Structures are given as C-alpha cells and as structure tokens.
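Okay, so here's the structure we're looking at.
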Amino acid sequence: MYRLSEKQQKIMDKAREISDKFIGPRAAQVDKDGTYPMESMKALATEGFWGLNIAPEFGGMGQGLRVMCAVLDEIAQRCASTAMCYKMHLSGQAAYGAAVNKPRDVLRAAAEGKHLTTLAWSEFGSRGHFWAPVSQEKRRNGKIVLNASKSMITTANDADSYVVTTRWSEAETPVDNMLYMVLKQDEGVSISGKWDGLGMRGNDSAPLTLRDVTIGEDRALCGPGKGLDMMLNVVLPVFALGNAAISIGIAEAAVKATHHHITTGRFQYLNQSLADVPLERARLAQIRLETDRARAHLAAALDSVENPGPATMLLVLESKAAAAETAVRVTDIALLASGGRGFSRNLSGNLGIERNFRDARAAQVMGPSSDMIHELIGRALCGMELFS
Ligand SMILES: Cc1cc2nc3c(=O)[nH]c(=O)nc-3n(C[C@H](O)[C@H](O)[C@H](O)COP(=O)(O)OP(=O)(O)OC[C@H]3O[C@@H](n4cnc5c(N)ncnc54)[C@H](O)[C@@H]3O)c2cc1C
C-alpha cells in the first residue's frame, strides 16, 4: 500500500533484512528485561538508517515520509520498542534538517550512525499538551538559559541530544514557544528514573531535567517564538505518521501470529485445525480488514502530505488516532483468537501477541493522545482554533 519506487523498495528490503536478522530475534528479551534496544538501533545505524531522512549533502539517504512509514511498519512488526526509539530519532532529525541554524556536524554524525537524538517536549506542568510548555527560557549575557522538567523522554539515557521545547522569553501567549538543540553533555542536563511501562518496555522513557543549561543562539532551531510552526509543520507529520506506521506494524504482527496459530493449532481427535472453527476464521478476517483499512488511511495521508491541501493536517492527525485504535482492537481480538498460547509470555514458542497487545496501548496516550486528536478534529470541523 505504500507504493514505493524501485529505489525506495530496495531501502525497504534492507530494512526488512535488518529487522529479520537483528531486531526480531531480540524483541522478546528487550520486552522482558525492559532494556533499551541499543543492539537493534546499532544494526540500523550500521546500514545508514539513522540518516534515513537526512539530506544527501550531510551524508543521509534523503528519504521522505513514505519510505519512513514503510520502514517503521516493518520494524514494528518485529519490535515496537525499537521502532518507537527510531521514530523519535527521525523526528528529532527532521527538526535539525529544517532548522534556522542547521547543526551540520550533528546531521553528518547522525547519518554516520554516531549521533542519536529524540524529542524532549512533554513537561510535568503541561502534560500531553506539548504545544504549551510551562518552562520558559531566560536571556543572560547574550546566552539562553533553560530550566525545565521534562516528564517522559524516549531514549533519555542513550540520546546524544534532545530537541527541547520551552516558552519564548518574550511570549505573549502560551503557544509562543521555542525549539532548541540541547546536548546530553551540556552542563545542567540530568536524567532520572527508569522506564517500567506496561508496553514499549524498551523505550527508556525517563524524566529529563534542565537546570540553568546555558546555550548560544546558534542552538535555536526556529525563529523567535516560532516553535509551534516548526512543531506542527515539520515535526508533527514525522511523529504522527511514524506513530501510525508503528501501530499498523504492531497490528500486522498480531494478524500474522493469529494466522499462524489458527492454521497450525489442531484438534487431533477431530483431525481439524482451529481454522475449521468459523468464529476463528471470522476473527482473522476482521483483523486483516481492520489492519488493511488503517494502512490505506495512512497511505491517503501520505498522498495528502505529498500534495498538500486544506485537509492534510487533519488526515495526519486522524491517521495516528485511527491506527492506534485499530492496533488496540486488532490485538484484543488476536488475543482472543490465540487462546492460552497468545496469552503466554514463555519466550520459546511465544506468539508475541500479548506483547503486541501491551505495546499497542502506548500510542493512545502518547501526545497528541487519541482523545486529544478527537478533540482537535472536532474543533477543526466546527471552525474553532486548534491550539490556544
Ligand atoms: C511510551 C511513551 C513514550 C513517550 N516518549 C516521549 C518522548 O520521547 N518525548 C516526549 O516529549 N514525550 C514522550 N511521551 C509523553 C507523551 O507524549 C505524553 O505527553 C504523555 O503520554 C501524556 O501523558 P500524561 O500522563 O501527562 O497525560 P495526562 O495529561 O495526565 O492525560 C490524562 C488523560 O487525559 C486526556 N486528555 C488530556 N487533555 C485532554 C483534552 N484537552 N481533551 C481530551 N482528552 C484530554 C488524555 O488523552 C489522557 O487520556 C511518551 C509517552 C509514552 C507513553
């Protein structure tokens, strides 16, 4: 459904190879231990995938959202945690690539697989309302001073840099904000706590604190007070469509595992398989249909991004919510269809469905949450302002 060109398909084939060889085999252990999937991330780095959306002038592959979604879908079918960490990296790189002060060395290092980044947007005081950070920059001796309590930052411990949001020093409204590049090595940056979530257990989403982090103007990624524009027009499409692709990948994994289970599980005394039970076939058909429908929606959103119109932003947001809801429903049905085996966490012979079930739930609460997207769509349809 992604309708890739021959060149794009080759990139996808490589992503599939890496996913099969390195990412899939580690997924159950990453989930069990709740460890960051660095080996899987490094496998992507080795083949240049950390530079997937970085311009060729900086050594990247220069690919757009279509290839990104196809690749994330493929990775998420094997390990959703890896897909999530990788997507946050690509989201950060998108901000660097479009920045008013492009961090050229960082872009080159990322393309070489030597620099990992992420978004540090959520704050304890603004929660999932990422567009209105409560932290506010200060200006001192021509420098910018940042103080912020970021709540849940994927790759917190392993990232080399963070795309940080904060309120602009001259802000007149809650949405006049800024985006800065903060390096992990900057004085005043600290990370606390360890992620122990229901799902996405490898994503190391931890609190990040900035205490008097003092940086130069050259770290600004957007023009004065123009953070929201960059968030919505540059980062959100990468973040939201990438999230949709991950949800679809999780759903696809559950469909494949369900198919395997019902076609191989046998009632010996009847000499029949589970596929002989009409309800099981109907469940398989339903989750196939729902997954295909979400992927088709994502493909329509990608078309719209490539040929933008008034509905593009809505389609992008819808796509994230629709895919998240699909993945939750599909994994729920898959869990029923796969009986006790689907429920099991035993590593050997694990169908992965109970992990898919848990991983699928993260997208619903990740900002903008599905609730919030419904709210935004409703506001847009009623002609009201989206962010205020
Ligand atoms: C696995 C994972 C990884 C994450 N990684 C990152 C990251 O890398 N960087 C980052 O910045 N953040 C990250 N986050 C944080 C995320 O983006 C959200 O900010 C966070 O999940 C919101 O959680 P909260 O607890 O503050 O929600 P709360 O604000 O407590 O929300 C509670 C409920 O209220 C609903 N709600 C809130 N406002 C509205 C509204 N106006 N209309 C309708 N419903 C509403 C929400 O949908 C939610 O169901 C991550 C979160 C998760 C779960």
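The values are calculated or read from the model by the stated rules, or taken from the named source; none is laboratory data. Nothing here was measured: the structure is a model prediction, and the numbers come from that model. Glycine also receives a Cβ, built like all others from the backbone with ideal geometry; neighbour counts cover every protein chain displayed.
Given Ala28, Ala45, which one is modelled with pLDDT under 95 and buried (at least 17 other Cβ atoms within 10 Å of the Cβ)?
Being modelled with pLDDT under 95 and buried (at least 17 other Cβ atoms within 10 Å of the Cβ) holds for just one of Ala28, Ala45, which is Ala28.
Could you check the range 137-159 and list, in sequence order, the residues that are more than 11 Å from the ligand (Cβ to nearest atom), buried (at least 18 other Cβ atoms within 10 Å of the Cβ) and not aliphatic (A, V, I, L, M)?
If the condition is that a residue be more than 11 Å from the ligand (Cβ to nearest atom), buried (at least 18 other Cβ atoms within 10 Å of the Cβ) and not aliphatic (A, V, I, L, M), then Glu137 is the only one that fits.
For the range 51-61, check the following and say yes or no: at least one residue is in a helix (DSSP H, G or I), surrounded by 24 or more Cβ atoms within 10 Å (Cβ to Cβ) and out of contact with any strand residue (DSSP E or B) (no Cβ under 7 Å at 6 or more places or on another chain).
Yes - at least one qualifying residue is present in the range 51-61.
Sort out for me the helices (runs of 4 or more DSSP H) sitting completely within the range 280-379 that have 2 or more residues that are of a type in the set (Asp, Glu).
In the range 280-379, 312-337, 353-360 are the helices (runs of 4 or more DSSP H) which contain 2 or more residues that are of a type in the set (Asp, Glu).
Taking the range 160-175 as the search range and keeping residues that are of a type outside the set (Val, Ile, Thr) and closer than 18 Å to Val235 by Cα, which one is surrounded by the most Cβ atoms within 10 Å (Cβ to Cβ)?
Here the answer is Tyr162.
Before we move on, is Ala327 at negative phi, in the same structural domain as Val234 (by TED's automatic domain parsing), buried (at least 19 other Cβ atoms within 10 Å of the Cβ) and among the small types (Gly, Ala, Ser)?
So Ala327 passes the test.
Every residue, every condition in (1) more than 10 Å from the ligand (Cβ to nearest atom); (2) of a type in the set (A, V, I, L, M), yes or no:
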| position | (1), (2) |
| --- | --- |
| Ala76 | yes, yes |
| Cys79 | yes, no |
| Thr82 | yes, no |
| Met88 | no, yes |
| Ala95 | yes, yes |
| Lys102 | yes, no |
| Asp105 | yes, no |
| Lys114 | yes, no |
| Arg127 | no, no |
